[in-house]
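Working notes for the structure below.
None of the figures in this text is laboratory data; all of them are computed from the coordinates on show. Since the structure is predicted, the reported quantities are computational estimates derived from the model, not experimental observations. So basically every Cβ, Gly included, is an ideal-geometry build from the backbone, and we count neighbours across all protein chains shown.
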Amino acid sequence: MGNLIGKGAFYSLSSGDECLQKRSKSREVVQVGIFVKDVDKAAKKLEELLGIGPFKIFEPNYRDLTYRGRPGKFKLRLGLARAGPVQIELTSAVRGRTILSNRKHYGLHHLGIRTDNMERDVEEMKRRGFRVIQSGRRPGTKWAYLDTEKETGVLLELLERKR
């Protein structure tokens, strides 16, 4: 998996614009997840203000859900749109306990990192001291959130998509 987290994965911002020109050694960020109160309203505002969209808004039918190591039973509302090469994911909880349940603030929630081998990368992250706190799948996609927030300020979500 390389340097997802660890030495050499992130550049210091103290060097100014120079850090923007260096090539990162980390995995590709393919998604920015934002926790919002109302997906429909947030999508409309982002479209009006920034031209991001159109958003596909839906409530996915996930399978094999887990929450903190146990079977999960929850429903989410998502809004997905592209902003250049990155997908923007707006998320709100509809029902059930999720990693969103205890959040006190809306805003940046996670960075989605592409993987081509979920099991291998989850095992690597476990060896590095990070555990899966929520996971699931839907047709064509597997996902797993890792408990990286304390160390990095943001959750990481591994995303494996069938091509």
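Under 5 Å from the amide H of HIS109 lie the amide H atoms of GLY33, ILE34, PHE35, each residue being 5 or more positions distant or on a separate chain, with H modelled from the backbone and absent for Pro and chain starts. For ARG68, the residues whose modelled amide H falls within less than 5 Å of its own, excluding neighbours fewer than 5 places apart on the same chain, are GLN134.
The 3J(HN,Hα) values that the Karplus relation (6.51, -1.76, 1.60; θ = phi - 60°) gives for region 112-119 are, in residue order, x, 10, 5, 9, 9, 8, 4, 4 Hz. Gly and Pro appear as x. Exceedance of the 29 Å cut-off in Cα-Cα distance is limited, within the set LYS104/LYS162; LYS37/LYS126; LYS44/LYS126; LYS45/LYS75, to LYS104/LYS162; LYS37/LYS126; LYS44/LYS126. Taking every C-alpha pair closer than 8 Å and separated by at least 6 residues, the mean separation divided by the residue count of region 27-161 gives a relative contact order of 28 percent. Along region 101-111 the Karplus relation, 6.51 cos²θ - 1.76 cosθ + 1.60 evaluated at θ = phi - 60°, assigns HN-Hα couplings of 4, 9, 5, 9, 9, 8, x, 3, 10, 7, 10 Hz to successive residues, with x for each Gly and Pro. Taking amide H atoms as placed 1.01 Å from N in the peptide plane, the amide H of ASP147 lies under 5 Å from those of ARG131, ILE133, each 5 or more residues away in sequence or on another chain. Based on the reciprocal of the average 1/r between different C-alpha atoms, the Kirkwood radius for region 27-161 equals 15.2 Å. Note on ARG82 and ASP40: with the Förster distance fixed at 25 Å, the Cβ-Cβ geometry gives a FRET efficiency of about 0.85.
Seen from TYR62, the other residues with C-beta closer than 11 Å to its C-beta sum to a net charge of +4, counting Lys and Arg as +1 and Asp and Glu as -1. 3J(HN,Hα) couplings calculated from phi for region 62-73 with the Karplus curve 6.51 cos²θ - 1.76 cosθ + 1.60 (θ = phi - 60°) are, in sequence order, 7, 10, 6, 6, 10, 9, 6, x, 10, x, x, 9 Hz; Gly and Pro show x.
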